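Input: a single structure, listed below in structure tokens.
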Amino acid sequence: MSATTIKATGLTCNHCAMSVREEIEEVENVTGVKVDVVKGGESTVTINHTGDLDTEAVSAAIEEAGFTPVG
């Protein structure tokens with residue numbers, strides 16, 4: 001299993017984190033998601049996965065949840 005960490009902006013609460021988690025968990029090969037919310041800054045999203053991770057799909061999932069991926 002591998003882990004990939006990315007950043008996202010716009011998250012302000014646990015509900016935001018839950019929305020991001022739910023969207024990213026739908027991406028192929030994702031086995032778990034942990035979100036550390038930084039209100040007013042860049043939140044850290046750690047994604048556990050098997051095989052390759054489609055980072056474009058992850059970015060799209062974050063946008064679908066209503067937030068902005070960084071990078």
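The mean sequence distance of close C-alpha pairs (under 8 Å, at least 6 residues apart), as a share of the length of the chain, puts its relative contact order at 43 percent.
Hull volume per residue, based on the alpha-carbon atoms of the chain and their convex hull, is 66 Å³. Label sites at LYS7 and THR31, each approximated as a point 7 angstrom past Cα along Cα to Cβ, lie 2.8 nm apart.
By accessible area, using a 1.4 Å probe on protein heavy atoms only, the stretch 11-71 has 42% of its surface on carbon and sulfur. In a fully extended conformation the segment linking VAL70 and HIS15 would gain 17.8 nm over its present Cα-Cα distance, using 0.36 nm per residue. Of the residues PHE67, ILE24, HIS49, the one whose Cα sits farthest towards the positive end of the charge dipole of the chain is PHE67 (charges of +1 on Lys and Arg Cβ, -1 on Asp and Glu Cβ, taken about the Cα centre). To test your reading of the geometry: what angle, between 0 and 90 degrees and rounded to tens, separates the Cα axis of helix 14-24 from the longest principal axis of the chain? Taking the Cα atoms of the chain, the angle to 14-24 is about 30 degrees.
Charge dipole (Cα centre; +1 on Lys/Arg Cβ, -1 on Asp/Glu Cβ; no other charges) of the chain amounts to roughly 420 debye.
The values are calculated or read from the model by the stated rules, or taken from the named source; none is laboratory data. Since this is a predicted model, take the numbers as computed values, not measurements. Methodologically, a virtual Cβ is constructed for each residue, glycine included, from the backbone with ideal geometry; neighbour enumeration extends over all protein chains shown. Each accessible area value is taken on the protein alone, full model and side chains, heavy atoms only, with ligands, DNA and RNA left out. Shrake-Rupley method; radii C 1.70, N 1.55, O 1.52, S 1.80 Å.
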